[in-house]
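The values are calculated or read from the model by the stated rules, or taken from the named source; none is laboratory data. In this text, all values refer to a predicted model and were calculated from it rather than measured experimentally. Virtual Cβ from ideal backbone geometry, glycine too; neighbours counted across all protein chains shown. Please note that ligands, DNA and RNA were not included when accessible areas were found on the heavy atoms of the full protein model with its side chains. Shrake-Rupley method; radii C 1.70, N 1.55, O 1.52, S 1.80 Å.
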Amino acid sequence: NSYNVFEILISWVRQHDVWYLDEVVSRLILCLLPFLTLLSYRQHQLNVALRNNEATILGLSRQNELILNSAADGIFGLDKSGKITFINPSAVKMLVTTRSHMMEQPYQKIIYQKTETVVPEKIDAISATFQNDCGHAGENEWFVREDGISFPVEYTCTPIHQNNQFAGAVITFR
């Protein structure tokens, strides 16, 4: 604490018979200079590491974006409330929509339910994933495009985990 530092400084001044303020300040600076130099060097090292980490994160982000943009299958992600958080260009094209229009929309908007064949016990693969935190596949299912036309799909829904907790799901379809 500061009281102890002050006492040490007074004791040091008395031991060395230094009574002039300029001598005290000069000796104090000489004592602190190595520490300040070390502090400055450590700050430089941390700044370099931070810049390297930022470059790595940016590179990984670009790589992930390239992968999503290059995939022929439609891919979209859901948060834990079932709203769309990302969608790749293939999914946008198949759903005849825009990325901005799909963001934050509930996934139910694109799941087609045939009213005459709905079986109460049967739930879609996405709902099943949300219910039991396991991946599911949907075969012979239908998605609905923005213009209202439905089309057949096969899809998989896989849970996303963050810190060992369910955080949403990713859906790939064709």
- prompt: Which entry in (i) 16.3; (ii) 17.3; (iii) 11.1 matches mean projected area of the Cα convex hull in nm² derived from the coordinates of this structure?
  reply: (ii)
message: Please list, ordered by chain and number, the residues whose modelled amide H lies under 5 Å from the amide H of Phe143; skip anything fewer than 5 residues away on the same chain.
response: Tyr112, Phe151, Val153
query: Roughly speaking, to the nearest percent, how much of the range 35-118's 1.4 Å accessible area is carbon and sulfur?
result: 59
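Which whole-number value in Å² is the accessible area per residue of the chain, probe 1.4 Å?
Details: 12380 Å² over 174 residues.
I get 71 Å² per residue for the chain.
For the chain, return all DSSP H helices satisfying: extent of Cα atoms along own axis at least 18 Å; mean Kyte-Doolittle hydropathy at least 0.0.
Numbers: long enough: 2-15 (20 Å, 0.37); 21-70 (70 Å, 0.34).
Long hydrophobic helices here: 2-15, 21-70.
Let me have the relative contact order for the chain, percent, based on Cα pairs under 8 Å that are six or more residues apart. Walk me through the intermediate numbers first.
Working: 207 pairs, mean separation 30.0, N = 174.
For the chain, the relative contact order is 17 percent.
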query: What is the set of long-range amide H partners of Phe86 at a cut-off below 5 Å, with H atoms built 1.01 Å from backbone N?
result: Gly77
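Mind checking the dipole of the chain: about its Cα centre, +1 per Lys or Arg Cβ, -1 per Asp or Glu Cβ, Debye to the nearest 20? If you can, show how the numbers build up before the last one.
Values: 14 positive and 18 negative charges, 50 e Å.
Result for the chain is approximately 240 debye, rounded to the nearest 20.
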- line: Checking rank on 98-105, 124-131, 27-34, 138-145, with mean other Cβ inside 10 Å and highest first, the result is 124-131, 138-145, 98-105, 27-34
- prompt: In whole Hz, what ³J(HN,Hα) sequence does the range 159-172 give by Karplus (6.51, -1.76, 1.60; θ = phi - 60°), x for Gly and Pro?
  reply: x, 9, 10, 9, 6, 6, 10, 4, 10, x, 8, 10, 10, 10
